[in-house]
Amino acid sequence: MASARNTILLTGAHGQLGRELAAALPAVGHVVACDRSKLDLADPDAIINVVRDVAPRVIVNAAAYTAVDRAEREHDTAFAINARAPGILAAEARRAHALLVHYSTDYVFDGASTTPYVESAPVHPLNVYGASKLAGEAAIAASGAAAVTLRTSWVYGRHGQNFLVTMQKLAAERSEVRVVADQTGVPNWSRSLARATARLIGEGVERLAERSGLYHLSAQGSATWFAFARAILRDDPRTRVTPITTADYPTPARRPAYGVLDASHFARTFGFGLPDWHAVLRECLRADAEPPAAAAVH
Ligand SMILES: NC(=O)c1ccc[n+]([C@@H]2O[C@H](COP(=O)([O-])OP(=O)(O)OC[C@H]3O[C@@H](n4cnc5c(N)ncnc54)[C@H](OP(=O)(O)O)[C@@H]3O)[C@@H](O)[C@H]2O)c1
């Protein structure tokens with residue numbers, strides 16, 4: 001069960017997922033939460049110094065370069081944060097006999113599938129962000145560290161830059177929002193991902209370390225961005241949601257047309273999963289925007 005003795009080093013504590021982890025993880029350990037100003041993952045020496053200074057039992061890496069379109073022209077920065085840094089964290093975890101928990105993305109796939117992706121499905125990222133995240137997965141796997149990498153998709157929450165916040169803002173300004181209806185995936189609330197992470201750690205670090213590997217962590221069901229927008233704005237009669245195609249909304253980075261992750265391996269291994277995304281969204285819309293009592297950021 002939960003052990004207050006575990007020191008948990010959290011990176012990216014000001015991101016969508018990081019904020020929720022800063023609130024969820026104190027239930028299962030002593031959290032040292034670092035935002036970018038305290039630990040810049042672009043600086044390899046800083047990573048080593050902070051990990052050795054904190055001497056954590058668990059490192060939870062919620063930091064990432066997530067600007068999917070900008071990554072097309074900032075290849076080196078994306079790879080430094082999403083590939084090199086996780087590799088260094090993993091090497092340090094191995095050296096200290098710590099466990100690394102890391103997050104990856106459905107964008108490692110090209111979206112050609114029409115059925116949910118299992119962990120062993122062939123990868124083929126369509127954009128620099130996806131390639132950099134895939135390289136991060138590989139660096140962790142090659143490190144020999146005890147590490148759990150959780151691939152997830154379409155992360156949203158009540159704060160930060162994400163689709164839900166954008167839709168609510170657009171709906172407040174316009175009578176119509178036009179949303180892509182030919183990309184299919186699964187929306188995942190940052191808080192439910194954080195709670196699942198805390199539950200994994202709380203059930204025992206040793207046990208989790210023994211189950212090192214790659215897992216898909218996602219809510220059930222699937223949606224297009226259009227369907228997700230309609231679900232977000234269903235109680236807003238003033239705003240019409242109009243379906244458009246990807247071709248109508250060109251972006252610098254290509255996105256997979258299909259990115260549904262099959263989370264059954266996670267459920268079989270850990271004995272729980274996330275509910276249907278509609279139910280999770282309803283809970284998110286009812287919840288307070290700010291997570292309760294977060295760990296102080298160091
Ligand atoms: N967002 C999605 O839809 C999505 C989908 C699938 C998987 N994921 C994965 O889920 C994880 C969490 O993503 P998220 O949605 O929470 O992203 P996010 O909101 O963009 O948060 C990422 C955090 O990383 C920080 N960061 C960026 N560069 C850094 C650096 N050089 N050093 C230290 N921190 C740095 C950012 O700091 P600043 O606040 O200072 O910029 C930000 O707080 C990531 O691994 C991501 O790849 C996300």
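The values are calculated or read from the model by the stated rules, or taken from the named source; none is laboratory data. Values in this document were obtained by computation on a predicted structure and should not be read as measured data. Cβ coordinates were reconstructed from backbone atoms using ideal geometry, including for glycine residues, and neighbour counts include every protein chain displayed. Each accessible area value is taken on the protein alone, full model and side chains, heavy atoms only, with ligands, DNA and RNA left out. Shrake-Rupley method; radii C 1.70, N 1.55, O 1.52, S 1.80 Å.
Peptides 105-116, 13-24, 219-230 ranked from most to least packed by the mean count of surrounding Cβ atoms within 10 Å: 13-24, 219-230, 105-116. Size descriptors for region 1-54: radius of gyration and Dmax over Cα atoms are 11.5, 35 Å. Taking all C-alpha pairs of region 94-247, those more than 25 Å from each other amount to 39 percent.
Remark: region 1-156 carries 40 Å² of accessible area per residue (probe radius 1.4 Å; ligands, DNA and RNA excluded). Between W189 and Y156, the built amide H atoms are under 5 Å apart, and every one of these is 5 or more places off in sequence or on another chain. Treating region 191-251 as a set of equal point scatterers at the Cα positions, no solvent, please give the Debye-formula log₁₀ I(q)/I(0) at q = 0.14, 0.16 Å⁻¹. After summing over all Cα pairs, the log10 values are -0.67, -0.75.
How large is the Kirkwood hydrodynamic radius of region 149-217, in angstrom, based on all distinct alpha carbon pairs? One decimal place: 14.5 Å for the Kirkwood radius.
On alpha carbon coordinates alone, what is the Rg over Rh value for region 31-166, Rh being the Kirkwood radius? The Rg/Rh ratio comes out at 0.97. Semi-axes of the equivalent ellipsoid for region 243-291, computed as √(5λ) from the eigenvalues of its C-alpha gyration tensor and ordered from largest down, come to 28, 20, 10 Å.
With N as its number of residues, the chain has a Cα radius of gyration that, divided by 2.2 N^0.38 Å, comes to 0.96. Centre-to-centre separation between the Cα atoms of region 87-150 and those of region 1-42: 20 Å.
Given a 1.4 Å probe and every protein chain left where it sits, what share in percent of the accessible area of the chain is carbon and sulfur? So the carbon and sulfur contribution to the accessible surface is 51 percent. When you count the other C-beta atoms within 10 angstrom of each residue and take the mean per peptide, 125-136, 42-53 line up highest first as 125-136, 42-53. Across region 198-298, the fraction of Cα-Cα pairs farther apart than 18 Å, rounded to a whole number, is 67%. Entry note, the chain: the mean residue ellipticity at 222 nm calculated from DSSP H runs of n ≥ 4, each adding -39500 (n - 2.57), is -10500 deg cm²/dmol after division by the residues and rounding to the nearest 500.
A viscosity of 0.890 mPa s and a temperature of 25 °C, combined with the Kirkwood radius over Cα pairs in Stokes-Einstein, give a translational diffusion coefficient for region 53-108 of 200 µm²/s.
One chain, two ends: D182 and H75. Fully extended at 0.36 nm per residue, the span grows by 35.8 nm beyond their Cα-Cα distance.
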